[in-house]
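Trainee: Take this structure, written in structure tokens, and hold onto it; I'll ask about it next.
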Amino acid sequence: MTMSEFYFGYALFLLLTVAISLIRVLRGPTSGDRMLSAQLFGTSGVGILLLLGRGMEMPALWDVALVFALLAAVAAVAFVQRVWKSGEQKEAKSDAS
Amino acid sequence: MISALSLFDLVLIILLLWLAWHLLSARDLFRATVLFITYGLLMSLAWVRLKAPDVALAEAAIGAGITGALVLVALGRFGEAESDEAEPGSLWLRGLVASAALGLFALLGWAVWSLPTEMAGLKAQVFERMGESGVENPVTGVLLNFRAWDTLLEMAVLFLAVLGAWSLGEAEEPSMPAPGESLLALVRLLIPLIVLVSGYLLWLGETAPGGAFQGGAVLASGFVLLLLAGVRPIPSLMGWPLRAALGSGFALFLVVAVAVTGGSRMLLEYPPGWEKGLILLIEGVLTLAIAVTLGVLFAGGRPPASPGAGKRGEKR
């Protein structure tokens, strides 16, 4: 097995973990669970990009990984500041009904 | 044995199709939003696999930094009025729509299938004349020199988008919780890094994937972060300085385009020896203009007329 096959194998493994985490997006139950699943992909994406960058010999992908890592928190901040409260209230309401 | 890379591509394609289907058919808007954010990040990986790192970088910056926050904030504004339980149309109507969509799909599929598999496009011409472009990254060479006209018009489109958004109304003061300690700490940590990375991407554009759009999008996420943390813009900057920054990219590009014209040179034909300097100047201003434009679009309207300024006007 060549070294690049090794990198691609690990990238595939990380992509599969992302696929599994998507179950949480569909099932929920709370909006927080769904959002965290998307956040997990931000982290796995960094790993996938670093591995692909090595395997495909494209150092430019490390910059893409840098941007992923830097901006992953922005969507989470938007969620906490603008959506979360109303989302939880709504769920509390639907639980009561 | 199938290589790990082709398996990776296969899983990626299946995931993209699966996500697209679920986000379009989701009744819960929040679920669709999260799926959309994930879809954008996965698209970035797809661009990587298509060996288009420039597009992957732009998709990562815009997808992670801007559209995710934009869609979430839009959802927050919808609030309770979200559940749109539209009656599904009659079977006949649905059949009609489905066959029209399938027909379009078949047409597009046929168009893609009939393309020649080995297509050089204009690649050979671009690589042949890279020496004249003033930069080393072919994508920047095309965007800022060979086809600078397209980029100039793109800036006009961005400017028009702001005019459109501003003519719809003032930016609303959002209701949101006061930023906690951790959020403020995060902002203090991230903003300098965002500025640094934005400048880095801008500088990188000369030799590697990067440039004004990527740098501008990263810088714009800094504005998004500040707005989300409830940091108010300095009122004195919200008047003409903001408008000047919004127009600066298009204006400077236009000035350069006209200024280099003359003699036998056409519009946007940089004089030999000046290419690199002019491209760097244009890209630098463009980065700021794009960042401010995206930030303003995120705010969602023209800055509200500040009550202080209004009162002062009344006294006079």
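The values are calculated or read from the model by the stated rules, or taken from the named source; none is laboratory data. Just so you know, these numbers come straight off a predicted model, no measurement behind them. All Cβ positions, even for glycine, are placed from backbone atoms using ideal geometry, and neighbour counts span all protein chains on display. Areas reflect the complete protein model, heavy atoms only, side chains present, ligands, DNA and RNA absent. Shrake-Rupley method; radii C 1.70, N 1.55, O 1.52, S 1.80 Å.
Trainee: Would you mind calculating the gained length between B:F78 and B:L168 on full extension (0.36 nm times residue separation, minus the Cα-Cα distance), in nm to one decimal?
Mentor: Once the chain is fully extended between B:F78 and B:L168, it gains 30.7 nm.
Trainee: Would you calculate, for chain A, the mean residue ellipticity at 222 nm contributed by helices, counting each DSSP H stretch of 4 or more residues as -39,500 (n - 2.57) and dividing by all residues, to the nearest 500?
Mentor: Result for chain A: -29000 deg cm²/dmol, rounded to the nearest 500.
Trainee: Further question: Report, in whole Å, the centroid distance computed from the Cα atoms of the stretch B:230-245 and the stretch B:91-118.
Mentor: 48 Å
Trainee: What percentage of the solvent-accessible surface of the stretch A:3-96, computed with a 1.4 Å probe over protein heavy atoms, is contributed by carbon and sulfur atoms?
Mentor: 67 percent
Trainee: Any chance you could give the angle, 0 to 90 degrees and rounded to 10, that helix A:3-27 forms with the longest Cα principal axis of chain A?
Mentor: 10 degrees
Trainee: May I pose another question? Give the whole-number value, in cubic angstrom per residue, of the convex hull volume spanned by the C-alpha atoms of the protein assembly as shown.
Mentor: 209 Å³
Trainee: Sum -39500 (n - 2.57) across every DSSP H segment of at least 4 residues in chain B, then divide by the residue count to get the 222 nm mean residue ellipticity, nearest 500.
Mentor: Here the helix-only value at 222 nm equals -22500 deg cm²/dmol.
Trainee: Right, something else. For helix A:60-78, report the angle its Cα long axis makes with the longest principal axis of the Cα atoms of chain A; keep it between 0 and 90° and round to the nearest 10°.
Mentor: 10 degrees
Trainee: Roughly how many Å² is the accessible area per residue of the protein assembly as shown, as a whole number, for a 1.4 Å probe?
Mentor: 55 Å²
Trainee: Sort B:6-19, B:61-74, A:37-50, B:123-136 by the packing proxy (mean of other Cβ within 10 Å over each peptide's residues), most packed first.
Mentor: With the highest mean Cβ count within 10 Å placed first, the list reads B:61-74, A:37-50, B:6-19, B:123-136.
Trainee: At 24 angstrom or more along the helix axis (alpha-carbon based) and mean Kyte-Doolittle of 1.0 or higher, what helices does chain B contain? Whole DSSP H runs only.
Mentor: Span-like helices, by this rule, are B:4-25, B:29-49, B:91-113, B:148-168, B:181-204, B:240-259, B:275-299.
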